Amino acid sequence: MDNVANKNNKRGMKKIGFYLLEAMLVIWAIIQLYPLFWLFLFSVKNNTEIFGGNILGFPRIWQWSNYSEALSSGNVGRYFINSSIVTVLTIVISSILVATSAYAIVRMKWKYSKLVLTIFLMGMMVPIHATLLPLFIILKNLNLLNTYASLVIPYVAFAIPMGIFILTGFLYTIPRELEESAFLDGCSIYKSFYYIILPLIRPALATIAIFTYLSTWNELMFANTFINDDAIKTLTVGIMSLSGQYQTEWGPIGAGLVIATIPTILIYVLLSEQVQKSLVVGAVKG
């Protein structure tokens with residue numbers, strides 16, 4: 001009887017612990033998601049409600065016109081396209097360079113592979129603010145200011161060190177026997193990379209793409225310094241320019257922020273499974 005009672009007590013304690021953990025996770029999820037919900041409510045209010053004591057509640061009058069105003073008068077649509085172009089180019093170019101460079105460093109045998117890896121990783125130690133003035137002078141001399149290239153080139157340069165750091169560690173977990181058997185069957189190194197290695201490193205590339213996306217999409221300092229032409233401005237600089245000198249309509253700014261946040265949520269939802277696979281493989285094999 002005592003053993004049965006002890007087992008029941010243990011089961012009861014486990015259930016209580018499970019429910020407490022579930023409740024804590026729900027509370028934590030609410031804390032994390034509430035700022036997004038508040039931003040949405042903020043985006044459909046006018047200045048009277050925002051500064052009139054209704055900053056946290058539901059709007060009395062839903063100002064859906066804030067979105068149309070942000071897209072039309074605020075040129076948020078144009079800024080969104082500019083940010084999308086810069087971000088997509090940065091992700092594509094950096095992913096190609098990172099994948100090929102990491103493969104050459106890890107899989108190919110050459111004398112200075114370790115030195116080259118060290119040089120790449122040293123790029124992670126360079127503060128982005130320290131490169132602002134030298135980059136501005138270089139881009140000005142090359143007549144690249146106020147172009148997409150003035151943002152894509154620095155973004156790619158700063159994305160490569162972190163990408164190589166992640167991908168080289170991932171490549172070390174992949175057995176060399178997979179490629180050696182392909183080489184024995186007459187497969188070239190290019191086909192081996194494309195048909196064998198590339199499918200295996202997709203989770204790591206997805207992780208790198210998310211990190212690159214976040215750093216590029218939300219970047220403000222380079223975009224504000226290298227771009228003055230309103231037709232080339234990115235979303236972060238464009239939303240900042242919505243504030244007026246004497247009066248600011250905060251509703252359209254909130255609408256612009258919501259529009260800027262939606263792609264981040266969608267990309268994470270679409271690529272979160274790949275990121276989890278990358279982390280699990282690294283934890284098990286690392």
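Quick look at the values:
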{"item": "Residue among V88, V98, V116 that alone is within 28 Å of T236 (Cβ to Cβ), in the same structural domain as I153 (by the TED database) and without any contact (Cβ under 8 Å) to a residue 24 or more places away in the chain", "result": "V88"}
{"item": "Single residue of the range 137-147 satisfying the filter (open to solvent by less than 80 Å² (accessible area, probe 1.4 Å) and out of contact with any helix residue (DSSP H, G or I) (no Cβ under 6 Å at 6 or more places or on another chain)) that is farthest from I208 (Cα to Cα)", "result": "N146"}
{"item": "Conditions (1) exposed (fewer than 14 other Cβ atoms within 10 Å of the Cβ); (2) closer than 25 Å to P203 by Cβ; number of the one not met by A102", "result": "(1)"}
{"item": "Qualifying positions in the range 152-185 - surrounded by 19 or more Cβ atoms within 10 Å (Cβ to Cβ) and either aromatic (F, W, Y) or outside the structural domain of T100 (by the TED database) (or both)", "result": "Y155, F158, F170"}
{"item": "Close pairs from the range 199-220: first assigned by the TED database to the domain that holds L132 and more than 17 Å from A157 (Cα to Cα), partner among the hydroxyl-bearing types (S, T, Y) and part of a helix (DSSP H, G or I), Cβ under 7 Å, at least 6 apart", "result": "P203/S278; A204/S278; A206/S278; T207/S278"}
{"item": "Residues located in the range 120-129, provided they are farther than 18 Å from L151 by Cβ and open to solvent by less than 70 Å² (accessible area, probe 1.4 Å)", "result": "F120, L121"}
{"item": "Pair list, Cβ < 6 Å and 6+ apart or interchain, from the range 61-73 residues that are touching a residue at least 24 places away in the same chain (Cβ under 8 Å) and closer than 12 Å to L242 by Cβ to residues that are among the β-branched types (V, I, T) and open to solvent by less than 70 Å² (accessible area, probe 1.4 Å)", "result": "A70/V76"}
{"item": "Residue check for N3: modelled with pLDDT under 80 and assigned to a helix (DSSP H, G or I)", "result": "yes"}
{"item": "Residue list for the range 226-238, filter: open to solvent by 20 Å² or more (accessible area, probe 1.4 Å) and in a helix (DSSP H, G or I)", "result": "T236"}
{"item": "Residue list for the range 169-198, restricted to those being free of Cβ contacts under 8 Å to residues at least 12 places away in the same chain and outside any helix (DSSP H, G or I)", "result": "P175, D185, G186, C187, S188"}
{"item": "Among (1) open to solvent by less than 60 Å² (accessible area, probe 1.4 Å); (2) at pLDDT 90 or above; (3) in a helix (DSSP H, G or I), the one test that L133 misses", "result": "(1)"}
{"item": "Positions within the range 66-86 being touching a helix residue (DSSP H, G or I) at 6+ places or on another chain (Cβ under 8 Å) and farther than 30 Å from I50 by Cβ, in sequence order", "result": "V86"}
{"item": "Qualifying residues in the range 138-168 (those that are among the hydroxyl-bearing types (S, T, Y) and part of a helix (DSSP H, G or I)) - the one modelled with the lowest pLDDT", "result": "T168"}
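For (1) out of contact with any strand residue (DSSP E or B) (no Cβ under 6 Å at 6 or more places or on another chain); (2) open to solvent by less than 50 Å² (accessible area, probe 1.4 Å); (3) at pLDDT 75 or above, each residue gets a yes or a no:
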{"site": "S241", "(1), (2), (3)": "yes, no, yes"}
{"site": "Y246", "(1), (2), (3)": "yes, no, no"}
{"site": "P252", "(1), (2), (3)": "yes, yes, yes"}
{"site": "V281", "(1), (2), (3)": "yes, yes, no"}
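The values are calculated or read from the model by the stated rules, or taken from the named source; none is laboratory data. This one's a predicted model, so the numbers in the text were calculated from it and none came from an experiment. We place every Cβ from the backbone using ideal geometry, glycine too, and count neighbours over all the protein chains shown. These accessible areas exclude ligands, DNA and RNA; they are computed on the full protein's heavy atoms, side chains included. Shrake-Rupley method; radii C 1.70, N 1.55, O 1.52, S 1.80 Å.
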